[in-house]
Structures are given as C-alpha cells and as structure tokens.
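Taking it in order: structure first as structure tokens, then the write-up.
The values are calculated or read from the model by the stated rules, or taken from the named source; none is laboratory data. Keep in mind it's a predicted model, so treat the numbers as computed, not measured. Note that each Cβ is placed from the backbone with ideal geometry, even for glycine, and that neighbours are counted across all protein chains shown.
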Amino acid sequence: MIARELLGKIIITNIDGITTSGRIVETEAYNGSTDKASHAYAGRRTNRTEPMYASAATAYVYLCYGMHHLFNIVTNQKDIPHAILIRAVEPLQGMEDMLIRTGKRKLDYTLTKGPGNVSKAMGINKLHTGLNLLSNTIFISEDDYKIDETEIASSPRIGVAYAGDDALLAYRFFIKGNPFVSAKPR
DNA sequence: CGACCGATCGTCT
DNA sequence: GACGATCGGTCGA
C-alpha cells in the first residue's frame, strides 16, 4: 500500500520563491470509487475531483471547510481515482518561512500537524491541484532515512464519520510516537 | 485534560 | 441551500 510507503519520504515545495520541505509522518488512503469517504465514490467525476482521475504523481488539492487546502497525492493509473492525503509532516527546511505563512510565533509541533497546517506551512493551495508532482514546484524525494515496519501504526481515518462502514477501515498510517502526528479519531 | 463551537466558502444537489 | 477528508480558541472540571 502506497500510503505506508510514503511514510518517511520527503515533500519539497518551491512556491513563491521559497523552498520548504518536510518528512511525511502521517497519511490516509482514499480508495476511489468503492470508498464512501472518497470524493470519487461511485465514480463521481466533477471539476473538483478530476485530478484524482489523472495518473500517479498528480496533486489533488481542494478546499475544506471553506478555509483549509488539503493536499493529496494521486497514486494509480489514469481513470482510477486513488489518492493519499498527507496529514502531517515533520519540518526539515524553511521553518522560518513556515512560521510566517502560518502566522505562528514559535516553532512547535502544531506547525505541520494536520492536513490544513501542512498545506499552509508549505504554501500549497488550490492552484496546485492537477499539478504533476515530478515538476520542481512540488515533488517527493527521499534520503537515507529508513522506517522499520514496527514503527508504523494504522487506525481509522479522521473526520469521515459520514462514510458509514468505510469510516471503520484502518486506512490511516503514521509513525508511532512522532510528535507531529495529528490527534486521534473522534 | 475533554467537549464544544465558530469561522468561512466552494461544491454539489 | 446544506455541508464538509479542519483548526484553534474557550469553557468547565
């Protein structure tokens, strides 16, 4: 499962002349047309969800609650709308700029905890939806950091109670004990 | 701590 | 016209 493999990888953004990067510590998988929690459930295909139907390594960014831009990585072949929501990263580069973007005063674990904060800190917004992630604006990289399987935990996804039985699926993955991992499900 | 609540607007029905 | 793949502040214990 790709949501698991993304843990420990690095997201780098070059936006507005600013470079920021962070290590992925929490993800959620959205399993396309069979997943009631997915925007693409039952093959729903609209202007908003169209990028999810693109091939792997495309960005799907959308506005949530009228104020948060949530960043997803599309993972499958063209026309199969699978995506991974990046829920938290551990900042690596550009913390000063992240603080400015988020309006926070001091560097703490809330800087990039939760999907809304990740996008805000890294400068990702709706304009980036549909963007190819092999571009240099937003891309995924990796370094020597290795995660052992035993460091990975899973749980049901956050905030998807409306999805019925699919809300129970353990499609959320995170690095155990990492302080940037967001709150537990409600 | 936990529970609750308001902000805020694009998207879909 | 209703409703979020959220966040941060407040309130009470």
Criterion first (in a strand (DSSP E or B) and within 19 Å of A:Gly159 (Cα to Cα)) does A:Ala88 satisfy it? yes
Of all residues in region A:22-68, how many are surrounded by fewer than 18 Cβ atoms within 10 Å (Cβ to Cβ), among the small types (Gly, Ala, Ser) and closer than 25 Å to A:Thr112 by Cβ? 3
So which pairs qualify, if the first residue must be in region A:162-178 and more than 16 Å from A:Glu5 (Cα to Cα), the second must be of a type in the set (Asp, Glu) and assigned to a loop (DSSP other than H, G, I, E, B), the Cβ gap must be under 6 Å, and the two must be at least 6 apart or on different chains? A:Asp166/A:Asp35
For region A:22-31, state whether one or more residues are under 23 Å from A:Gly159 (Cβ atoms) and within 16 Å of DNA strand B (Cβ to nearest atom). yes
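Within the group A:Asn125, A:Asn132, which residue is of a type outside the set (Lys, Arg) and within 16 Å of DNA strand B (Cβ to nearest atom)?
Values: A:Asn132 fails: within 16 Å of DNA strand B (Cβ to nearest atom).
Unique residue meeting the criteria: A:Asn125.
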Given the conditions (1) within 18 Å of A:Ala183 (Cα to Cα); (2) surrounded by fewer than 15 Cβ atoms within 10 Å (Cβ to Cβ), which single one is not true for A:Lys126? (1)
From A:Arg48, A:Arg105, which residue is modelled with pLDDT under 95 and not in a strand (DSSP E or B)? A:Arg105
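Residues are listed down the side, and each one gets a yes or a no for (1) assigned to a strand (DSSP E or B); (2) small (Gly, Ala, Ser); (3) surrounded by 13 or more Cβ atoms within 10 Å (Cβ to Cβ); (4) touching an Asp or Glu at 6+ places or on another chain (Cβ under 8 Å):
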position	(1), (2), (3), (4)
A:Phe71	yes, no, yes, no
A:Ile140	yes, no, yes, no
A:Ser154	yes, yes, yes, no
A:Tyr162	no, no, no, no
Given (1) under 16 Å from the mean Cα position of the chain (by Cα); (2) of a type in the set (Ser, Thr, Tyr); (3) within 16 Å of DNA strand B (Cβ to nearest atom), index of the condition A:Thr75 fails: (3)
